[in-house]
Each structure stands twice: as structure tokens, then as C-alpha cells.
Amino acid sequence: MGKERSGGEKQKRMVVGVVCNFAAELKLLLTALLLLCTLVTLLQFVPSRFTISASDLRFCISPIAASPSPSLSDTQSDDLLSSGILRRAFHPYGAAAYNFITMGTYRGGPNSFAIVGLASKPLHLYSRPAYQCQWLPSNSKQNNTNITSSLAYKILPDWGYGRVYTVVVVNCTFSHPVNLDNSGGTLLLHASTSGGGDSKFNLTDTIPALTEPPGTFNLSLFTSIPKYDYLYCGSSLYGTLSPQRVREWIVYHVRLFGERSHFVIHDAGGVHEEVLEVLKPWMELGYVSLQDIREQERFDGYYHNQFLVVNDCLHRYKFMAKWIFFFDVDEYIFVPPKTTLGSVLDSLSDYSQITIEQMPMSNKLCHSVDAAKRHRRWGFEKLVYRDVKRGIRRDRKYAIQPRNVYATGVHMSQNLGAGAKTTHKTEGRIKYFHYHGTIAQRREPCRNLVNSTDINFESNPFVLDTTLRDLAGSVKKFELKMIGSRLYNTRQ
């Protein structure tokens, strides 16, 4: 009896010891069970349309967290730096190849908007994605019926050159003006895949494309005289550019375009510190705006998203310029002596678009007369041999009256408004000299010195052409007058 009682007491003490050793774990288990029971009880009072499936529970407990979609509060905005550079923001939406990536949204009039962005090229190539625009007034909480929706149509202006992404310009036109009372509001873009990617689903992303704060809508913008006569929309600048070539190009064109002109430069990685020093004097005078668009390199589009950039520029400055020019920084616009750019364009004012003939110049041949001084000559001053080979279709560049244009390209626009006309018959009035590749060379361009008025070089015939060389002295004097000698020591 004594042994049995002693054994029973030992077992009791063992059980108590085990319970004590695992007290913390038991508390945690009991707490979890209590929370689970509470959740089950609360779910009984939730409407039946709210359900939690097994897949939902698996998602909640999954150790792999999906990347959250950016919300309106997370959206970055353009940032004006203290140096005067406008750093642009890009806003991706969707997954994999994003459904839509906005770069900019702009007013096209009292009742229309243009949304410029990138979208999945396979989606547009093999499916029929659809867009719808919606305007939400700021006071929509008080008046839920005061919401206007609009069917939108898309323009694909990159001629099929897109890669993973293609450029899309979405035009939103409402049946009547919006925000005329200047109370503010938000433009939403509903971007639907229409079954693209998965025919079982029609996924729609709702994108806050533009917000107009109260009091910011300027109706007179669409009817007032433009701020600029001529505006330059530059393509994406990338690579290791020559500061000296950029210096020559900008002063030449500021002189040609005149006081009421502006130049928009897009930095896709090519505006390094030395190039920035060349641009700064003209930025300080208000002739140049520099936009940092390097973030667009994340999205695989054609040629550093060149078509995206020029379309954004078109719509951003659509009502700020009479004419917008599209050409590159190794190309020089020229009008004949005794004419001005203004007189030439006035004679072509009946056309919404003009194309400009190319004069291809050698990027290697220089005249031997410059042998001793070639290091001090400017590029367009010493590269004086023009390619005259016949039977070749050469690229043209162009200028447009932007209020009559819905979208644009690199060499011309194919999206003019109703009744707008294009002319290619501009020979003898305006042309451009093309020094191909010289902007990316940081060495002396004169590789071959020639003492002749014509030569066959690398199987092409060239003739001596000093048209721009004859202007070099006037251009240099203009630079000295405008910004002094601060760029005299600029390197190749």
C-alpha cells in the first residue's frame, strides 16, 4: 500500500512538471484557438456575398508576398530640382509587361485630354485592349450623379517599331466641357485587356491619369497667342556626347529660331556633367528646358523610347508654340540668305506639317586649308564635304503646327486633324544639314584632309559645300554677345 501510494504521488508530480515546463506553449496555443473561434463567430454576421475561399486562406498564409500595386498616394510626381532640371516620373500599373505606363496627361481642349504612355506590345498586337475615360469632379461625394464618362480611342504612333512595349496615345473626348467651374477633379483611365493574355478574364486597371486642383484650369490657354513662335522637341539623348558639338548646335539654333523660341532636351543618359555645363547658360536665359527621363530605360521600347518622348513633348507644349520642330542634335536647320525662318514658315502657314530635305555631310572629310587650325574650328565650320550620291531615299525631318496634330513620329506625323495638310515641296525654302554620328565622337572629326572641290570617298561622291561654314563667324559672335566667353574652353 505504501509503495502504491508513493508511486501515485510520483506520477502526479511528473504531470505537474510537464505542464509547468510547457506553460508558455500552451498559452500561445489557447490564445490562437480563442482568436480562431472569435473569427468564426464574427463571420456569421458578415453578408453572404463576402466569402473566404481556401485559395484566399492559402494566399494569406503564403510566405511569398506579391508586390502591391501602386496606389494614388504612392504615385510619384515630377520633381523640379534646384539645378533647374525637371526630373520626370513614370507610373507603372499592372503586372508582367505592364498594362499601361503613364508618362504624361494633358488637356487637348475644354472637353478633351491626351494620355501618353507605354503599353504591352503583344497585348495590342494580338488582342484588342479597350480604354474608357471618366471625369470625377472634386465634389462627387455630394453629387454622385455628376460623373461623366467617355469612350476613348487609341493611337499607336511608333509604326510597329515597339519592342516589349509600344507607345499609346489615348484620346479622351467628352460630350461636353468638364471642370468649367474650376472646382477641380480627376481624370480616370480604365484600361481593359479585353481578354488579352488570358481569354477567361477581362482585367481592367483604373488609373488616375490627371488631377486638376481647384482653380488651376486655364480656359484661355486654348485660344490665347502661344508663348513661343518655335519650339524644339528633342529625341532621347544617350551615350557619351561631345560637349563641343552640343555647344555649337544649341547656339546655332538659338540664333536661327530667335527670341521667342524654346528647346526641350530629354536626357536618357547622354547629358553628362560636361554637356550640362554647355546647356546651363541657355537654361539660365530661359531658352532650354532639360528633362531627366532616364527612368524610362526600365521599359523596353524602341530606341530609348524615342516615340514616347516626342509624343509627350507634343502634347505638353501643344498650346505653347506656333510651330514645333523635330530633328536631332547632329542636324542643322538652314534657310537661304535674305530669308528668315519666320518668313519661310509664314509662306507655308496653310500646311499643318512640312517636311524638310536632308543635306548629308561627311563626318570625316575636311579641307586642307584648315590643316593647321582644325582643332580650333567648329564642327560645321570644317566638315565641308556633302554627299551627292543620287538614287537614294534620304530621311526627312519635319515641323508641325501642333494644335492640328493628335500624335507624332520621328520623321513625320501620320495623325493630323481633319482638313490638315502636309507638304513635302519645301526644296529651296528650308533644308537641314546632317553630320551623322559627330555628336557621339569625342575626338577630332577631321580624319582626311582634301584639297579639291569634289572627291570620291568610300565609294560615294562628295562636293565642297561651305554653306554653314560661311555662317560660323556670325554664330560665334552671337554666342559671345549672349553668354560671354564662359564656354571658350569646352572640350571635344
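The values are calculated or read from the model by the stated rules, or taken from the named source; none is laboratory data. Please read all numbers here as calculations on a predicted model, not as lab measurements. Positions of Cβ are backbone-derived with ideal geometry, glycine not excepted, and every protein chain shown enters the neighbour counts. Please note that ligands, DNA and RNA were not included when accessible areas were found on the heavy atoms of the full protein model with its side chains. Shrake-Rupley method; radii C 1.70, N 1.55, O 1.52, S 1.80 Å.
A few notes on this one:
- Residues of segment 334-379 satisfying the condition of being assigned to a loop (DSSP other than H, G, I, E, B), closer than 30 Å to Pro402 by Cα and either open to solvent by 40 Å² or more (accessible area, probe 1.4 Å) or in contact with a His (Cβ under 7 Å, 6 or more places away or on another chain) (or both): Pro337, Lys338, Thr339, Thr340, Ser349, Asp350, Tyr351
- Segment 182-214, residues that are open to solvent by 60 Å² or more (accessible area, probe 1.4 Å) and in contact (Cβ under 8 Å) with a residue 12 or more places away in the chain: Gly197, Leu203, Thr204, Thr206, Thr211, Pro213, Pro214
- Screening segment 85-136 for strands (runs of 3 or more DSSP E) wholly inside it with 3 or more residues that are without any contact (Cβ under 8 Å) to a residue 40 or more places away in the chain returns no ranges.
- All conditions in (1) open to solvent by 30 Å² or more (accessible area, probe 1.4 Å); (2) assigned by the TED database to the domain that holds His272 hold for Gly160, with the sole exception of (2).
Each row is one residue, and each column tells you yes or no for (1) farther than 18 Å from Ile333 by Cα; (2) open to solvent by 30 Å² or more (accessible area, probe 1.4 Å); (3) more than 22 Å from the chain's Cα centre (by Cα); (4) charged (D, E, K, R).
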| site | (1), (2), (3), (4) |
| --- | --- |
| Leu231 | no, no, no, no |
| Leu237 | yes, no, no, no |
| Leu241 | yes, no, no, no |
| His253 | no, no, yes, no |
| Ser261 | no, no, no, no |
| Ala268 | yes, no, no, no |
| Val271 | yes, no, no, no |
| Leu279 | yes, no, no, no |
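- Residues that are over 15 Å from Phe334 (Cβ atoms) and surrounded by fewer than 24 Cβ atoms within 10 Å (Cβ to Cβ), drawn from segment 383-393: Asp387, Val388, Lys389, Arg390, Gly391, Ile392, Arg393
- Within segment 217-226, the set of residues being loosely packed, with under 14 Cβ neighbours inside 10 Å and of a type outside the set (A, V, I, L, M, F, W, C) comprises Asn218, Ser220, Thr223, Ser224.
- Condition met for Glu297 (under 22 Å from Ser77 (Cα atoms), surrounded by fewer than 23 Cβ atoms within 10 Å (Cβ to Cβ), not polar (S, T, N, Q) and not assigned by the TED database to the domain that holds Ile155): yes
- Segment 451-485: number of residues that are surrounded by 13 or more Cβ atoms within 10 Å (Cβ to Cβ) and in contact with a helix residue (DSSP H, G or I) (Cβ under 6 Å, 6 or more places away or on another chain): 7
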